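Following: one structure in structure tokens, then a few remarks.
Quick note: the coordinates plus some simple rules give every number you see, no bench work behind them. Owing to the predicted nature of the structure, the values given are computational and were not obtained by experimental measurement. In this analysis, Cβ positions are derived from the backbone assuming ideal geometry, glycine residues included, and neighbour counts consider all displayed protein chains.
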Amino acid sequence: MRRESLEFLKELLTTPSPSGHESAGQRIWCDYARAFADEVRTDAYGNAVAVLNPRGDHKLMLDAHADEIGLMVKHVDEKGYIYVQQIGGVDPALIRGKRVNIHTAKGVVRGVIGAPAIHLQERDKEKKPPKLHESFIDIGAADGKAAKRKVSVGDPATFVDDFEQLDDNVAVARGFDDRAGAWATIEAVRIAAAAAKKPSCAIYACSTVQEEVGLIGATMTVFNVKPDAAIAIDVTHATDTPGIDAKQHGEVKMGKGPTISIGRENHPLVVERLRKLARRKRIPLQFEAFSTSGGTDAMAIYRAQGGVPSALVSIPNRYMHTTVEMLDLRDLQRAAELLAAFACDIKKGERFAVKV
């Protein structure tokens, strides 16, 4: 990965971007895009779109979501302890003992999610995972009035954990899901813009909001873009760690290349083109069946405007929806290269349609 691209990834990942509060991260994405995109624009809710070759005959949408999971202040009690609700799929069992940043109108307020010392716990009592409303944030306030002078109901909070490389290839961060994908969409545009064979299609790279709370931004953006085809890029579960049964969840390995999903929203002709391009470009690929336990932005896109030929390209990610998500940067780079290759391979006037 080139140095400038890595620095952009780090900045994107360390900028707070909880669902519904993505604007700071979106500004960074747009600033990066302006160096090579022909157009960069945003809509009323902050979805960002960067366009290369807007006069191209075929509209290709490359989509990833900009938001991360987090917390939101729900109640401040009389003692000054702060209770929260989740923004997206936060696991209550994993948050105790974590530092958080509460993003207020006056700036960031640092707090910790309290955890009772092991010495004070009843050792003969069966331990149960805490429910979210049983956890609280402590900002060191003397009482409720002092706490309310600093924070308000509705303030979002993010975990403090930031980007870190464990070696040249493996990195950990909170929120690789899916700012890694947002990086790949615009990096694909940069690669395509510099390619010897210029794309004949119009590429619409999209960094969309509020995926973690219902695929919201992609639903808005596909309506505005009206693409002829789309590829969503997200993270997928790397199943190569202890305790995960490949017979139940499939086999996906970190470092062995991005994955392509098969079935449901994944158009067979788009999938086959991606397969061929990966072989031609010598990009390692992995394959997985469509998810029966969740959905990505591809779900919102392919059902729009009577059906948009779509596919899902995913980056293997260990420990998803924790603060220590882990991926191999080579998988991320390969994903961007595959997207760029797909965009440059589309012929003028080409459409993806199943013949019956």
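A few notes on this one:
- D (Stokes-Einstein, µm²/s), Kirkwood Cα radius, the stretch 195-322, 1.306 mPa s at 10 °C: 101
- Which of Tyr45, Leu120, Ser261, positive extreme of dipole for the chain (C-beta unit charges): Ser261
- CD proxy at 222 nm, helix term only [per DSSP H run n ≥ 4: -39500 (n - 2.57); per residue of the chain; nearest 500]: -8500 deg cm²/dmol
- Here the stretch 137-268 is treated as an ellipsoid with the same Cα gyration tensor; its semi-axes, largest first and in whole Å, are 34, 23, 17.
- Tilt relative to the chain, helix 216-225 - C-alpha long axis, 0 to 90 degrees, to 10: 30
- Extending 7 Å from Cα along the Cβ direction at Asp43 and again at Arg280 yields two label points whose distance is 3.2 nm.
- Size of charge dipole - the stretch 71-158 - debye, nearest 20, with Cβ of Lys, Arg +1 and Asp, Glu -1, no other charges: 240
- Positive-end residue of Asn317, Ala202, Gly214, charge dipole of the chain with Cβ unit charges: Ala202
- Diffusion constant of the stretch 1-152 at 4 °C, which comes from Stokes-Einstein with the Kirkwood Cα-pair radius and 1.567 mPa s, µm²/s: 70
- Thr292-Ile262 pseudo-label distance in nm [points 7 Å out on the Cα-to-Cβ vector]: 1.6
- In a reduced charge model with +1 at each Lys and Arg Cβ and -1 at each Asp and Glu Cβ, the chain shows a dipole moment near 740 debye about its Cα centre.
- DSSP finds beta bridges in the chain, and of those with both partners inside it, around 60 percent are antiparallel.
- Estimated dipole of the stretch 187-321 in Debye, rounded to 20 [Cβ of Lys and Arg +1, of Asp and Glu -1, Cα centre]: 800
- Gyration tensor (Cα) of the stretch 71-158, equivalent ellipsoid semi-axes in angstrom: 24, 15, 10
- Folded to 0 to 90 degrees: helix 329-345 orientation relative to the chain principal axis, Cα: 30
- For Ser291, Ser19, order by how many other beta-carbon atoms lie within 10 Å, fewest first: Ser291, Ser19
- Ellipsoid equivalent to the chain - semi-axes via the Cα gyration tensor, in Å: 38, 22, 18
- Sequence-distant lysines (8 or more away, or on other chains) whose Cα lies within less than 18 Å of Lys79: Lys145, Lys148, Lys150
- Gained length - His119 relative to Leu94, 0.36 nm times residue gap less alpha-carbon distance: 7.0 nm
- Each Cα pair under 8 Å and six or more residues apart adds its sequence gap; the mean of these over the residue count of the chain is a relative contact order of 23 percent.
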